[in-house]
Amino acid sequence: MLDGILQGLGTALLPVNLMMVVLGCFVGTFIGMLPGLGPVTAIALMIPITYGLDPSSGIILMAGVYYGAIFGGSTSSILINAPGCSATVVTAFDGYPLACKGQAGKALAIAAYASFTGGTLSAIMLMVAAPLLARVSLSFQSADYFALMVLGLSAVAAFAGKGQVLKALIMALFGIMISTIGIDRSVGVDRFTFGLPDLRDGFSFLLLAMA
């Protein structure tokens, strides 16, 4: 494990990868500050750029974009009470009142410190727990994946607001319907493609994320 950590640090500290981190954080912060554009949108925009990069550099670039977008969303939450993504909604509860009192700089500084500390601690915890999580994931069977899917779809309705459960269930059902479009790879049969070759691969992640 220690050898893997040292190898990972050596790769991350290469000049080209450090440049990718800076670039990714800058772009992600800029995108995250725009209301309505969150980390998923930022990652979707950067995926085509990573095709020509080294795999490690591409992953580092997208990680920087993700962290930058999360932090950038807190900026719009604090200054104009318009969260850039759902993860920064809570920031607006305390950050925007501070900005109204003329303490926007203090709120932005606290958000930056908290983002850096939380990101660093979570990366360390993931690094330590990764071997155990890998062993657990390899033990998953079809029934376990099905149970996870049921749990995720149930959470859509469980966390819906009051009077919004039916709408949440309809949207979950609509998402399942979209996922069935394309080739059934188990039997090689087209499903709901209506004879259109463009639908044989289903809907791309980039298209759905941007839409």
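The values are calculated or read from the model by the stated rules, or taken from the named source; none is laboratory data. Since this is a predicted model, take the numbers as computed values, not measurements. Cβ placement follows ideal geometry from the backbone for every residue including glycine, while neighbour counts extend to all protein chains displayed. Areas reflect the complete protein model, heavy atoms only, side chains present, ligands, DNA and RNA absent. Shrake-Rupley method; radii C 1.70, N 1.55, O 1.52, S 1.80 Å.
One table, with the values for the structure above:
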{"quantity": "Residues that are on the phi > 0 side of the Ramachandran plot and part of a helix (DSSP H, G or I), drawn from region 12-54", "calculated": "none"}
{"quantity": "Residue that is nearest to Ala111 (Cα to Cα), among those in region 33-57 that are in contact (Cβ under 8 Å) with a residue 12 or more places away in the chain and among the small types (Gly, Ala, Ser)", "calculated": "Gly38"}
{"quantity": "Failed criterion for Val21 (all others in (1) free of Cβ contacts under 8 Å to residues at least 12 places away in the same chain; (2) within 22 Å of Met127 (Cβ to Cβ) hold)", "calculated": "(1)"}
{"quantity": "Selection status of Asp54, acidic (Asp, Glu) and over 22 Å from Ser122 (Cα atoms)", "calculated": "yes"}
{"quantity": "Residue list for region 103-112, restricted to those being open to solvent by less than 80 Å² (accessible area, probe 1.4 Å) and either among the aromatic types (Phe, Trp, Tyr) or in contact with a helix residue (DSSP H, G or I) (Cβ under 8 Å, 6 or more places away or on another chain) (or both)", "calculated": "Ala104, Ala107, Leu108, Ala111, Ala112"}
{"quantity": "Qualifying positions in region 76-102 - among the polar types (S, T, N, Q), open to solvent by 20 Å² or more (accessible area, probe 1.4 Å) and assigned to a helix (DSSP H, G or I)", "calculated": "Ser86, Thr91"}
{"quantity": "Test: residue in region 44-53 that is under 13 Å from the mean Cα position of the chain (by Cα), crowded, with 21+ Cβ neighbours inside 10 Å and aliphatic (A, V, I, L, M)", "calculated": "yes"}
{"quantity": "Of the criteria (1) at pLDDT 85 or above; (2) surrounded by fewer than 17 Cβ atoms within 10 Å (Cβ to Cβ), which one Ile60 fails", "calculated": "(2)"}
